[in-house]
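Reading through the structure tokens given below for one structure.
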Amino acid sequence: MHFRVLGPVCLEPRTPSAPKQRAVLATLLVRAGAVVPAGALFDELWPDGPPRTAATTLQVYVSHLRKALTQGGHGRGPLETRPPGYLLRVEPGELDLRRFEELLSHGRAAFRACDFVAASGELTQALALWSGPALSGVPQGEVLTAAAVRLDELRLEALELRIEADLRLGRHHEVTGELMELARAHPLREQLHCQLMEALRRAGRTTDALRAYSAVHRSLHDELGVTPGPALVRQHARVLSAHASEPVTAGAAAAAPIGRPRAGSRRASGGPLPDVRVSRAHRRSP
């Protein structure tokens, strides 16, 4: 038995076809191992208020789920009635969400220990479990909407941490294209823009890094009325310093002796990484 919620809600070997039945399954899965009250399931299935037949209808959905969850039609099965509702037991390795949280925890620990190779590997495995937006393909009430937001935030955290580990390993060329795509998809996510600017700076593309800063500055101002936080401001200063050290004209570059490094130049992977933690205290634009 395998359950998936990191993308379309799925039960292997066979996913229920009825949308509300899948919603019951999804609600039980995001609270796997805990009792979900029948009232919470009513609210999830009928946000505008349950019909008079809600209790009977829910019992029908649960009955169908029990049959789908009981392999071969025999045995107790993982779905139990526990007053005041229902509990779904999930064994180790059956639920992609639990595996993701486990790998994310390992990745965080490896990063804190400065084992960036292990961190990148654990987080890459974690992200590979995703196949789309969390809990997609089911009608979402309050519980599932909140769970989807939480899970998508965890995915972004894992993604940013994996990219940070790759930058620490000098893999800026490998992550630049990915970061450009992510920056377009998340125009207000400051950490991603910090990482993009750092990758571009290390690759010697300071002009592109300055353009990236201008783009996020404009987005923050236009949509939120704020200016970039401290991490982005520090990254901007680093890029400006690197840009100022580059030759201004082709003639100046030609004047340098062949085979000798230009004054002020640095290796693409040199220098410490900036503090890319996102500050929540932004200065308001004038």
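The values are calculated or read from the model by the stated rules, or taken from the named source; none is laboratory data. Since the model is a prediction, treat every value here as computed from it, not as a measurement. Here the Cβ positions follow ideal geometry from the backbone for every residue, glycine too, while neighbour counts run over all protein chains shown. Only protein heavy atoms, including side chains, enter the accessible area calculation; ligands, DNA and RNA are left aside. Shrake-Rupley method; radii C 1.70, N 1.55, O 1.52, S 1.80 Å.
The rows are residues; the columns are (1) open to solvent by less than 50 Å² (accessible area, probe 1.4 Å); (2) modelled with pLDDT of 95 or more; (3) touching a strand residue (DSSP E or B) at 6+ places or on another chain (Cβ under 6 Å); (4) part of a helix (DSSP H, G or I).
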{"site": "A199", "(1), (2), (3), (4)": "yes, yes, no, yes"}
{"site": "L210", "(1), (2), (3), (4)": "yes, yes, no, yes"}
{"site": "S214", "(1), (2), (3), (4)": "no, yes, no, yes"}
{"site": "V233", "(1), (2), (3), (4)": "no, yes, no, yes"}
{"site": "R238", "(1), (2), (3), (4)": "no, yes, no, yes"}
{"site": "V248", "(1), (2), (3), (4)": "no, no, no, no"}
{"site": "P257", "(1), (2), (3), (4)": "no, no, no, no"}
{"site": "R267", "(1), (2), (3), (4)": "no, no, no, no"}
{"site": "V278", "(1), (2), (3), (4)": "no, no, no, no"}
Worksheet item: Residues in the stretch 158-177: is at least one modelled with pLDDT of 95 or more, of a type in the set (A, V, I, L, M, F, W, C) and closer than 30 Å to A23 by Cβ?
Response: yes
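Of all residues in the stretch 141-153, which are outside any loop (DSSP other than H, G, I, E, B) and crowded, with 16+ Cβ neighbours inside 10 Å?
If the condition is that a residue be outside any loop (DSSP other than H, G, I, E, B) and crowded, with 16+ Cβ neighbours inside 10 Å, then V143, L144, A147, A148, L151 are the ones that fit.
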Worksheet item: Which residue out of T15, T53 is of a type in the set (S, T, Y) and surrounded by 16 or more Cβ atoms within 10 Å (Cβ to Cβ)?
Response: T15
Item to complete: Specify which of the listed residues (P228, P187) is part of a loop (DSSP other than H, G, I, E, B) and either of a type in the set (K, R) or in contact with a His (Cβ under 8 Å, 6 or more places away or on another chain) (or both).
Response: P228
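Take A128 and tell me if it is more than 24 Å from H217 (Cα to Cα), open to solvent by 10 Å² or more (accessible area, probe 1.4 Å), at pLDDT 95 or above and over 13 Å from the mean Cα position of the chain (by Cα). Show your work before the answer.
Numbers: more than 24 Å from H217 (Cα to Cα): yes; open to solvent by 10 Å² or more (accessible area, probe 1.4 Å): yes; at pLDDT 95 or above: yes; over 13 Å from the mean Cα position of the chain (by Cα): no.
Here the answer is no, as A128 does not meet what is asked.
Conditions (1) surrounded by 15 or more Cβ atoms within 10 Å (Cβ to Cβ); (2) acidic (D, E), marked per residue:
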site	(1), (2)
D96	yes, yes
R99	yes, no
F111	yes, no
V117	no, no
T124	yes, no
G132	no, no
P139	no, no
Item to complete: Return yes when V138 is among the aliphatic types (A, V, I, L, M), closer than 17 Å to L25 by Cα, out of contact with any strand residue (DSSP E or B) (no Cβ under 6 Å at 6 or more places or on another chain) and in contact (Cβ under 8 Å) with a residue 12 or more places away in the chain and no when it is not.
Response: yes
Practice prompt. Give me the pairs, please: first residue somewhere in the stretch 106-125 and under 14 Å from E157 (Cα atoms) and at pLDDT 95 or above, second residue anywhere and open to solvent by 50 Å² or more (accessible area, probe 1.4 Å) and aliphatic (A, V, I, L, M), beta-carbon distance under 8 Å, and either six or more positions apart or on two chains.
Written response: S120/L169
